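The values are calculated or read from the model by the stated rules, or taken from the named source; none is laboratory data. Here the structure is a predicted model, which means the values were calculated and not measured. Here the Cβ is made from the backbone with ideal geometry for all residues, glycine too, and neighbour counts use every protein chain on show.
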Amino acid sequence: MKRILSVIFSFLFAMGAVSTVLADSRDVVSLGADLTESQKQGMLDLFGVDETQAETIEVTNEEERQYLEGLASEEKIGNKAISSAYVRILEEGRGIEVETHNISWVTKEMYANAMVTAGVENARVVVAAPFKVSGTAALTGIMKAFEKATGEKLTKEAKDAASEELVTSGELGEEIGKDKAAALIKKIKERIIGERITDKEDIRRLIIEIAADLDINLSQENLNKLADLMEKIGKLDLDVNKLTDQLEKISGHLDNIRRVVNENKGLLQRIIEAIQSFFRWLASLIRG
């Protein structure tokens, strides 16, 4: 009988320990402070959680402006906090997973890129709004929720650089395409961090080289913005291997950009050769 009671108590103790672990690792949802109560519930329903399953925090427009003012336009920042985010911490080595709903300006690849710069890792993130929004301000909520979920503080320098990266990615995406913008920034960042490039002129040369490799024409303004951004990122304590591992789930899509560019270059070359061949044939007929 004593042995049976001992087993039962051991089992109950173990179950209590498991419950404590689960309680300590609850998911975190950041809700825009200006959402109505019904909209907040709608966000929780979309994320598939309730207040017993996830800790909820609010993000205000003032908090969003701490990182975005001077970087993004007033139109992109807005005067209300609407974007919301669900953050679940994953096991070590799982990397970054991102899903978006009603986000019109920022892609999930752009979010993932910026999150890694901020120091967010091994997390599943869902960014959403009850109606179409740019999504620029959502990064503030993601970073705040990650800090709450892990109990770790991200550095101000990393959060500032991540916010600038997201805005730069979005603006660049309007000119060259969102996928190309995300791929360009990811590849530049990997080289900057991996090769520890800090000199501004070396950074500019690298940007021009990678842009040419991806068949991207950058304006002088965009080149300057990217150089300023990468100079800041180069000063952060980032590990290129960790960066690559964290972005593994989105890398396949971004790496396809280079493949498509190379295929298009090959097609263009064949068209040029066909045109040249036609004119050579036409010239031979004229010469008679």
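Quick one: how many residues across segment 133-150 are more than 23 Å from L223 (Cβ to Cβ) and not in a helix (DSSP H, G or I)? Let's see the steps before the verdict.
First, pick out the residues of segment 133-150 that are more than 23 Å from L223 (Cβ to Cβ): 133-135, 137-150.
After this cut, where a residue has to be not in a helix (DSSP H, G or I) as well, the list is 133-135, 137.
Adding up the residues that qualify gives 4.
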Can you tell which of I257, I233 is surrounded by 13 or more Cβ atoms within 10 Å (Cβ to Cβ) and at pLDDT below 60?
I257
Being touching a strand residue (DSSP E or B) at 6+ places or on another chain (Cβ under 6 Å) and in contact (Cβ under 8 Å) with a residue 24 or more places away in the chain: is that true of I77 here?
no
Test of understanding: among I207, I185, which residue is farther than 22 Å from G32 by Cα, at pLDDT 95 or above and within 12 Å of the chain's Cα centre (by Cα)?
I185
Matching residues in segment 214-223 (part of a helix (DSSP H, G or I) and not charged (D, E, K, R)) number 3
Among the helices (runs of 4 or more DSSP H) confined wholly to segment 53-132, which include 2 or more residues that are surrounded by 21 or more Cβ atoms within 10 Å (Cβ to Cβ)?
61-68, 108-118
The one condition in (1) of a type in the set (S, T, Y); (2) in a loop (DSSP other than H, G, I, E, B); (3) at pLDDT 95 or above that S38 fails to fulfil:
(2)
